[in-house]
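Here the structure is laid out as structure tokens; the discussion comes afterwards.
The values are calculated or read from the model by the stated rules, or taken from the named source; none is laboratory data. Just so it is clear, the model here is predicted, and its values are computed rather than measured. In this analysis, Cβ positions are derived from the backbone assuming ideal geometry, glycine residues included, and neighbour counts consider all displayed protein chains.
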Amino acid sequence: MFHLILGGARSGKSRLAEQQASASGLAVTYIATSEPLDGEMNQRVALHRGRRPAHWALVEEPLALARVLTEHARNDTCLLVDCLTLWLTNLLLLEDPQRLAQERQALLDGLAVLPGEIIFVSNETGLGVVPLGELTRRYVDEAGLLHQALAERCHRVVFCVAGLPMVLKGTL
């Protein structure tokens, strides 16, 4: 079963994903996509790390998400991916312009055969004004296209606002 949890910054989406992973009754592997490159990002990572149970496994992978999912997905495991928009940002900033398309397609194609439960967390960025810069417009566009493709493949899609989940597809 695949889940997509969307929301804005500090909307409660990661907390909700962590609660769902715990409630799954499965062994949990947390897949972190961030690359903390500054003090503020280090603080965010520490906040997430402090909330996670110590017995959860951790895999840090900023780029090759499909590979990591394939390596760790099992019927008795819940994978929690936090977060897709950081993963997308990492790929957008690479010098190889083809890598994003390759990794995105590998992710989408791989979902057809992955066992177990996977919870994806991502920032919904397309609710505001159109960004001014080319890179930020591409980021918003790519995130929106990724979310649409994942929502189509996921059994449950939830939008989180102010810590409150709104089910868009499936049941909570």
Sole miss for His55 among (1) farther than 17 Å from Leu111 by Cβ; (2) surrounded by 13 or more Cβ atoms within 10 Å (Cβ to Cβ) is condition (2)
Looking across the stretch 8-21 at residues that are small (Gly, Ala, Ser) and not in a helix (DSSP H, G or I), the single one that is farthest from Thr125 (Cα to Cα) is Gly12
Please work out which one of (1) under 24 Å from Arg67 (Cβ atoms); (2) surrounded by fewer than 19 Cβ atoms within 10 Å (Cβ to Cβ); (3) without any contact (Cβ under 8 Å) to a residue 40 or more places away in the chain is the condition Ala106 fails and give its number.
-> (3)
Just give me the residues in the stretch 153-168 being more than 18 Å from Ser24 (Cβ to Cβ) and charged (D, E, K, R), in sequence order.
-> Arg153
Can we say Leu146 is in contact (Cβ under 8 Å) with a residue 40 or more places away in the chain, touching a Leu at 6+ places or on another chain (Cβ under 8 Å) and of a type outside the set (Val, Ile, Thr)?
-> yes
Quick one: how many residues across the stretch 110-139 are among the polar types (S, T, N, Q) and either in a loop (DSSP other than H, G, I, E, B) or loosely packed, with under 10 Cβ neighbours inside 10 Å (or both)?
-> 1
Those residues of the stretch 149-172 which are in contact (Cβ under 8 Å) with a residue 24 or more places away in the chain and part of a helix (DSSP H, G or I), in sequence order = Ala149, Leu150, Ala151, Arg153
Can you name the strands (runs of 3 or more DSSP E) wholly within the stretch 22-109 that have at least 2 residues being at pLDDT below 95, within 27 Å of Leu145 (Cβ to Cβ) and polar (S, T, N, Q)?
-> none
Is one or more of the residues making up the stretch 75-82 in contact with a Cys (Cβ under 7 Å, 6 or more places away or on another chain), surrounded by fewer than 18 Cβ atoms within 10 Å (Cβ to Cβ) and not acidic (Asp, Glu)?
-> no
Within the bounds of the stretch 145-157, is there any residue that is surrounded by 12 or more Cβ atoms within 10 Å (Cβ to Cβ), modelled with pLDDT under 95 and in contact with a Lys or Arg (Cβ under 8 Å, 6 or more places away or on another chain)?
-> no
Quick one: in the stretch 23-47, of everything that is small (Gly, Ala, Ser) and touching a Phe, Trp or Tyr at 6+ places or on another chain (Cβ under 9 Å), which residue is nearest to Glu124 (Cα to Cα)?
-> Ser34
Would you mind stating whether Glu18 is among the acidic types (Asp, Glu) and buried (at least 18 other Cβ atoms within 10 Å of the Cβ)?
-> yes
